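The next block holds one structure in the form of structure tokens; read it before the comments.
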Amino acid sequence: MVHEAMPGELVAQECPTILFGAFDRHNFGDLLFPHIAAALLNDENIVFAGLAERDMRNQGGHRVEAIARLATQWQHCAVNVIHAGGELLGCDAWQAAVMLQTPRHARSIVAQYDGNRQDGLAWARRMIGLDALAPYVLSRDIFPHVGQMIHNAIGGVEIDECDAMMRAEILARLRAADAVGVREKQSMTLLQAHGIATRLMPDPAVMVADLFDARIRQRADAGEVARMRTIFPRGYIAVQFSAGYGDDATLREIAAQLDQVAAATGYGIVFFRAGAAPWHDELACYRRVAQRMHAPASRIFASLNLWDICALLARSHAYCGSSLHGRIVAMAYALPRINLRHPARPGGVDKVRAYADTWDEGMPATAEVHAIAAGILHALSADAEPLRRKAAALAAQYRQAFDALCAGLRP
């Protein structure tokens, strides 16, 4: 059984493996990563760590230790560290610290330090206990006796947009790592241009159906997911978008587009949150868009439990939203999917487009809000068998790459 350390408890009797990431806040993909890594490692001596000490078990996550506290306690212990994955290379200390607050406190903090970047950075460093510009890219020095420092399926499509000091910190720490896996070709190309050897691998969430299907099926037959299936016996489309889409004009367009989809398919529309941390998804946006819809067939899915969200996606007819991991879980279940492209960023490559271009050729990648209906209907026309083959192939590729990445951990 995986050991979850109690606050203040030292569990370094043997060389532990620390799974590190942003699973100390509510974000769908980040909460998934440690479950997947722990299942594949099959290690009795795993500790889950983030930037803050949190208990996320009521949301389907883990009890999470603060990495700064572990670093202080385990200065003389041999440890292995695996960064569990995600688009965290370019996440600076200020962003990381704000996203660990409650939404109300986050608004207060942002207002307090508005226009005062240096004081804001100083607050963030105090809050997370690390003197780092990019705190999710750990230095080997944090654990002087570290055995393996591994980065698993990370992303950094915007790393060259970071300021020079932060980019230099990120690159130096990645060069010192024992293994670096990246989840799409754009990050691989960027890092290789800076002399960092990488292994291309799918995102960990491709393993969801392979590893946890029985658990997800059980969640789908009970609770809020079962209610949605009863309300929409013909089926539903799972829809999600971040608060960044919350202006009135955008919400009116989303409502009109989803009305078209409901009329054309007979499916319901179920809105869900893929993240409740600050700067993620907000129920208020879903209420506002639902009020603007003419079709009565829409519901807001309230649960933030990781496994409920997986089950909602697994039993949908398609996924449409801004979350990359909404897309990847839909991929794992061989479902049609399309992501939203924000009106403020109509061009260029973001993490969703970079991932879709690498692993999801043949399925539409993104659509602007005025093209949601066309995008969903096009995705729904896809043949099921190629989607199933792709899901199986990606799970096999990830398992092989993860084993190779972590080979140094094996005795």
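Give me the percent relative contact order of the chain, please, defined on Cα pairs under 8 angstrom at least 6 residues apart.
Once divided by the residue count of the chain, the mean separation gives 15 percent.
Compute the accessible area per residue over region 137-250, keeping the other protein chains in place, probe 1.4 Å, unit Å².
Roughly 41 Å² per residue, with all protein chains present.
Along the charge dipole of the chain, Cβ charges K/R +1 and D/E -1, which of L200, Q101, V81 sits furthest on the positive end?
So the residue we want is Q101.
Going by average Cβ neighbours within 10 Å, how do the peptides 97-109, 266-278 rank, with the highest at the top?
Listed from highest to lowest mean packing, they are 266-278, 97-109.
Gap in Å between the Cα centre of region 144-173 and the Cα centre of region 52-89?
Cα centroid to Cα centroid, the span is 17 Å.
On the protein heavy atoms, probe 1.4 angstrom, tell me the percent of accessible surface of the chain carried by carbon and sulfur.
50
What residue among A302, A256, L335 has its Cα farthest toward the positive end of the dipole of the chain, where the charges are +1 on Lys, Arg and -1 on Asp, Glu, each on the Cβ?
A256
How far, in degrees from 0 to 90, does helix 248-265 lean away from the longest principal axis of the Cα atoms of the chain, to the nearest 10?
For 248-265 against the chain, the angle is about 60 degrees.
Using a 10 Å cut-off on Cβ atoms, rank the peptides 149-159, 62-72, 286-296 from the highest mean neighbour count down.
149-159, 62-72, 286-296
What do you get for the angle between helix 283-292 and the principal long axis of the chain? Use alpha-carbon atoms, 0 to 90 degrees, nearest ten.
Value to nearest ten degrees: 10.
With the Cα gyration tensor of region 338-394 giving a ≥ b ≥ c as the square roots of its eigenvalues, does the rule (a/c under 1.5 for rounded; else a/b larger than b/c for prolate; else oblate) give rounded, prolate or oblate?
oblate
Decide, for region 86-236, between rounded, prolate and oblate: order the square roots of the alpha carbon gyration tensor eigenvalues as a ≥ b ≥ c, take rounded if a/c falls under 1.5, and otherwise choose prolate if a/b is larger than b/c, else oblate.
Note, shape of region 86-236 comes out oblate.
Could you point to the label whose value was computed as volume of the Cα convex hull per residue in Å³ for the structure here, given (1) 221; (2) 162; (3) 135?
The listed entry that was calculated here is (3).
Expressed as an acute angle from 0 to 90° and rounded to the nearest 10, what is the orientation of the C-alpha long axis of helix 384-405 relative to the principal long axis of the chain?
Taking Cα atoms only, the helix is inclined about 10 degrees.
The values are calculated or read from the model by the stated rules, or taken from the named source; none is laboratory data. Since we're looking at a predicted model, the values are computed, not measured. Here Cβ is always computed from backbone atoms with ideal geometry, including for glycine, and neighbour counts include all displayed protein chains. Only protein heavy atoms, including side chains, enter the accessible area calculation; ligands, DNA and RNA are left aside. Shrake-Rupley method; radii C 1.70, N 1.55, O 1.52, S 1.80 Å.
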